[in-house]
1. For residue 64 and residue 250, compute 0.36 nm times the residue count separating them, minus their Cα-Cα distance, and round to one decimal in nm.
2. How big is the accessible area of residue 119 in square angstrom, nearest 10, if you roll a 1.4 angstrom probe over the protein chains?
3. Leaving ligands, DNA and RNA out of it, work out the accessible area of residue 80 with a 1.4 Å probe and give it in Å² to the nearest 10.
4. To the nearest 0.05, how large is the calculated FRET efficiency for residue 80 and residue 8 if R₀ is 30 Å and r is the Cβ-Cβ distance?
5. According to the square roots a ≥ b ≥ c of the eigenvalues of the Cα gyration tensor, what is the shape class of the range 1-130, taking rounded for a/c under 1.5, prolate for a/b larger than b/c otherwise, and oblate for the remainder?
6. Using a 10 angstrom cutoff on alpha carbons, build the Gaussian network for the chain and name the most mobile of 236, 12, 180.
7. How many Å² of accessible area per residue for the chain, probe 1.4 Å?
8. Lysine pairs in the chain 8 or more apart or on different chains: how many have alpha carbons under 12 angstrom apart?
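The values are calculated or read from the model by the stated rules, or taken from the named source; none is laboratory data. All values derive from a computational prediction rather than experimental measurement. Don't worry about glycine lacking a Cβ; one is built from the backbone with ideal geometry, like all the others, and counts go over all protein chains shown. Please note that ligands, DNA and RNA were not included when accessible areas were found on the heavy atoms of the full protein model with its side chains. Shrake-Rupley method; radii C 1.70, N 1.55, O 1.52, S 1.80 Å.
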Amino acid sequence: MMMRSTKEVMGYALQATDGEIGRCRDFLFDDVQWTVRYIVADTGKWIPDKKVLISPMSLGEPNWPANRFPVHLTREQIKVAPTIEKDRPVSLQYEMCILRYYEHPYYWVGDGLWGLASSPAELRKMAEEQATATIPPEPKGDPHLRSVQEVTGYRIEAMDGEMGHVEEFILDEDTWALRYMVVDTRNWLPGRKVLISPAWVEGFDWSEEKAVVDLTRDQIKESPEYNPYEPINRKYEARLYNFYGRPVYWK
């Protein structure tokens with residue numbers, strides 16, 4: 001299990017099977033399971049003003065030292081892929097269109113984080129071994145795709161008052177789940193950053209750009225501090241969940 005900062009990964013090069021296609025400019029995640037479903041690829045000077053969605057199912061093993069994602073697609077496939085419109089929401093119809101185009105299975109069919117699997121790589125492998133349904137059921141929980149860039153900066157409100165803002169997200173590099181929001185409390189507790197799981201969010205006010213958590217300011221003040229220069233390991237996570245008395249996600 002390895003965790004990565006979404007800020008760290010922004011700007012990574014995307015390498016198709018026959019050449020570079022652009023850069024990672026954003027992530028789209030669903031606000032029910034809090035899992036990244038697509039990388040927003042900016043094709044830059046190659047195809048100006050074109051942005052396409054690339055599923056983690058299309059990715060190979062990332063080259064983390066080189067800041068590069070290998071993509072199991074050709075430049076021609078990307079060139080003629082459906083384009084997303086700037087500042088427009090991604091509809092379910094568009095998702096079905098792009099998944100069919102890339103011949104990917106639907107990630108909302110089943111009970112796992114990735115439908116019938118626990119990771120995009122596992123789901124891709126399953127799809128290669130057996131045919132998938134052509135007419136999928138509707139996704140459970142009415143999920144909406146949200147932009148990581150958009151939610152970064154949202155205010156965090158505890159049960160008894162505001163306590164900071166979202167600085168970035170922590171990504172599980174195997175499952176692509178957003179495990180934590182990094183909350184900067186500089187306006188309340190200068191120099192202190194804490195981690196809050198999306199599972200502890202009671203709700204979002206998207207119009208007010210605010211997340212409400214069922215925690216108190218005192219709890220957050222006394223919680224284990226997050227050091228961005230140290231890796232997040234299971235020992236730290238267990239300490240964090242134990243402090244808040246919350247069930248862990250890995251059991």
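1. Value of the extension gain: 64.6 nm.
2. 20 Å²
3. 80 Å²
4. So, using R0 = 30 Å, E works out to roughly 0.45.
5. rounded
6. 236
7. 51 Å²
8. 5
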